[in-house]
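The values are calculated or read from the model by the stated rules, or taken from the named source; none is laboratory data. Everything numeric in this text was worked out from a predicted model, so none of it was measured. When we count neighbours, we look across all protein chains shown, and the Cβ atoms used for this are built from the backbone with ideal geometry, even at glycine. For accessibility, only protein heavy atoms count, side chains too; no ligands or nucleic acids. Shrake-Rupley method; radii C 1.70, N 1.55, O 1.52, S 1.80 Å.
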Amino acid sequence: MVCGGFTCSKNTLAALNIFYILVSFVLVGVAAYARVVTVVTSLALVGGVISCGVFLFFTALIGLIGACRHHQVLLFFYMIILFLVFLVQFSLACACLAVNEEQREQLAKSGWDFSSNETRIIVQATSQCCGFKDQDRGQHPSCESLTCCAGSPAGCCSENSNSTLKNCPCSSCLEKLSDKINYGFKLTGGIGLFFSFTEILGVWITVRYRNQKNPQANPSSFL
């Protein structure tokens, strides 16, 4: 059943914007979770989804006020902004889903390289891993405190680990976090893509609602 009345359109748009506010929290939460579980702080695509979530929150507030007041100017800007949010969110979601294994590794390596030594220590302790990758284990803090290094004479377990080693008893952090990185991208992309289509619905309802007259307003005015 199509909602064609003024009151119905108003209530639908208001409810949709309340839904968008909830969606914005979901997007920020899921994307933030993806960054936390991977412990990589420079995943640009995931960060972009977080930005979209924040931007969607403020856009939804504008839409909610515009819907309640039937404010033509607010509704116009809301409609334009919401469509732009859809384009950005849809693009980022598709990019997250389309990232292949090699690209995920490059993004994770970039995050590791730009992370502080303290962050790397936390990553290694949390995941019980040593170094980012087998070929470049030398670029990491000491792993001597890790359980996997207990009693091992391997060079990676010494205080000064500064060479490429192949016989480290600990797994590399890329190996330990690979599944989590993949899951983070897929989860963020899937949720972002799903909710992006509801924004097109919001644009359509806004266009319809703006062209309707308020039956309680002055008949000679079009508010």
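A few comments on the model shown:
- Annotation: Phe86 fulfils all but one of (1) touching a helix residue (DSSP H, G or I) at 6+ places or on another chain (Cβ under 7 Å); (2) more than 18 Å from Tyr20 (Cα to Cα); (3) of a type outside the set (Gly, Ala, Ser); the unmet one is (2).
- Residue check for Ser115: crowded, with 17+ Cβ neighbours inside 10 Å, among the hydroxyl-bearing types (Ser, Thr, Tyr), at pLDDT below 80 and within 24 Å of the chain's Cα centre (by Cα): yes
- Within region 57-96, the set of residues being in contact with a Gly (Cβ under 6 Å, 6 or more places away or on another chain) and in contact (Cβ under 8 Å) with a residue 40 or more places away in the chain comprises Leu75, Tyr78, Leu82, Gln89, Leu92, Ala93, Cys96.
- Residue within region 166-184 that is in contact with a Cys (Cβ under 9 Å, 6 or more places away or on another chain), surrounded by fewer than 16 Cβ atoms within 10 Å (Cβ to Cβ), not hydrophobic (A, V, I, L, M, F, W, C) and not in a helix (DSSP H, G or I) present: yes
- Long-range neighbours under 8 Å by Cβ, at least six apart or interchain, first residue in contact (Cβ under 8 Å) with a residue 24 or more places away in the chain and open to solvent by 20 Å² or more (accessible area, probe 1.4 Å) within region 189-215, second among the acidic types (Asp, Glu) and assigned to a helix (DSSP H, G or I): none
- Among the residues of region 162-174, at least one is in contact with a helix residue (DSSP H, G or I) (Cβ under 8 Å, 6 or more places away or on another chain), at pLDDT below 75 and aliphatic (A, V, I, L, M).
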